[in-house]
Amino acid sequence: MLLTRPLADLRGPQDPRQRLLAWSTLVNTVGMGLFLSAGTIFLIRSAGLSPAAAGIGLTVGSLIGFGAGIFVGDQADRRGAREVVIASMLLEAVASVGLLLVRDVWTLILVATVAAIGRAGSGSARGALIGVLAEEGKGPALRTYLRAVTNVGLAVGMLGSAVVLAVDSRPAYVLMVLTDTVTFLVAAAVLARLPHLAPTRSTSSEGRWLALRDRRYLAFTAASSVASLQYWVLIQALPVWIVLRTAAPRSMAALVLFVAAVTVAVTQIPATRSIDGPRTAARLLARSGPLFLVAWILMALASGPSAWVTVALLLVAVLVHSLAEVWQAAGTFELSFALARPEAQGQYQGVVGLGHGFVEAVAPVVVITLCIEGGKLGWVALALVVTVAGWLCALIERRWPHARVEPVAQAAAG
């Protein structure tokens, strides 16, 4: 009985439109995981950029393009989400193949800007698409399933990137970039099989920038964006901490990321099955903070002991961190839909993407400064910041007008 329930959940939705969305998500996130782990190394080892130039190019490009999500999301609400998501993915494919032309920081800034516009646009328009396709009363279940699919795709992609990094040759990196490009094209082709979905807003709707006038939602966006710093601790701070501050073998820097991806993929559905609306989502989000505190204290303590003790501490820390990530990510994801106006999901998802995109751009400076330069106290300080941010998200949900509970399901029904 304990095994049959999770397996039943993993079969996914029965609605063929939702199945197409899930397949598109899986293909897209395989490419994401492939490039996320090895993309920067490609720019340094294959494109010939220095680490500083690669960092500057990626950061500047991201800052220029990340705000496009609001405008693209608004178009998804007004013109139909299917076509806008496909167009954004095609733009991402152009940016991906454009990486093969990068030889200097200026070209990288141009390519990174195009990629950021496409990424922000596909994220917000995909949010509108999820809102339209959600069945009445089953919005949280669909979103939880898509998060599980996302993490499976990331884990598969990270395995592929490990092979690329092991080979460490120009042909291997070129193949990686081309594979990433193909995943965008295939994901867009899968979504092209969906029928046209009617817009959720007309040009005569009340005002235009509803999300930008929604102060409560802006407060939620700010708090959840700060809480999202947890992603970059694992991806950026921990590998550097392992290599520079611990006695663990360098291979642990890659191993912990793989263990985290697999753990999140496996636990996503069972650990978040209790989410049935905004209140339960907020509860899990608030509980994630203390778990991050425990995980990051264990990571900080790994800087002193022998290699074997260090490895044990790191593995336990990553497992705790992964459960906290599942709760935090699922809670944020659910609230980002449940607290939004149903007719403007694309625009609201664009606002969330704007906040999280800004944090993504500044995260390297924040997490490296606190966790690496700040030492053990820096790890604790960042954990407390993330914990408070999660509690603020839960507080905002408690004070939200009750009329907006489960809006996505109501929009889908209408």
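Has region 302-323 got at least one residue that is modelled with pLDDT of 85 or more and closer than 28 Å to residue 134 by Cβ? Yes; the residues of region 302-323 include at least one that is modelled with pLDDT of 85 or more and closer than 28 Å to residue 134 by Cβ.
Restricting region 259-279 to residues that are of a type in the set (Gly, Ala, Ser) and outside any helix (DSSP H, G or I) leaves a set whose member that is surrounded by the fewest Cβ atoms within 10 Å (Cβ to Cβ) is 274. Kindly provide the set of residues from region 242-258 that are surrounded by fewer than 18 Cβ atoms within 10 Å (Cβ to Cβ) and either at pLDDT 85 or above or on the phi > 0 side of the Ramachandran plot (or both), ordered by number. Residue satisfying the conditions is 247 alone. Taking first residues from region 54-78 that are over 16 Å from residue 363 (Cα atoms) and partners that are polar (S, T, N, Q) and at pLDDT below 80, the Cβ contacts under 6 Å between residues at least 6 apart in sequence or on separate chains come to 77/200.
All of 81, 87, 95 fail the test of being touching a helix residue (DSSP H, G or I) at 6+ places or on another chain (Cβ under 7 Å), under 26 Å from residue 70 (Cα atoms) and at pLDDT 90 or above, apart from 95.
What residue, among those in region 280-336 that are without any contact (Cβ under 8 Å) to a residue 24 or more places away in the chain and within 16 Å of residue 383 (Cα to Cα), is surrounded by the fewest Cβ atoms within 10 Å (Cβ to Cβ)? Filtering first and then ranking leaves 298. The condition (being more than 16 Å from the chain's Cα centre (by Cα), at pLDDT below 90, outside the structural domain of residue 65 (by TED's automatic domain parsing) and closer than 28 Å to residue 121 by Cα) is satisfied by just one residue among 338, 389, 363: 338.
One line per residue, one yes/no per condition, for (1) free of Cβ contacts under 8 Å to residues at least 12 places away in the same chain; (2) farther than 22 Å from residue 301 by Cβ; (3) surrounded by fewer than 20 Cβ atoms within 10 Å (Cβ to Cβ):
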position	(1), (2), (3)
358	no, yes, yes
361	no, yes, yes
364	no, yes, yes
371	no, no, no
375	no, no, yes
380	no, no, yes
385	no, no, yes
388	no, yes, yes
392	no, yes, yes
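The values are calculated or read from the model by the stated rules, or taken from the named source; none is laboratory data. In this text the structure is predicted, and so the values were computed from the model without any measurement. Quick reminder, even Gly has a Cβ in these numbers, built from the backbone with ideal geometry, and neighbours come from all protein chains shown.
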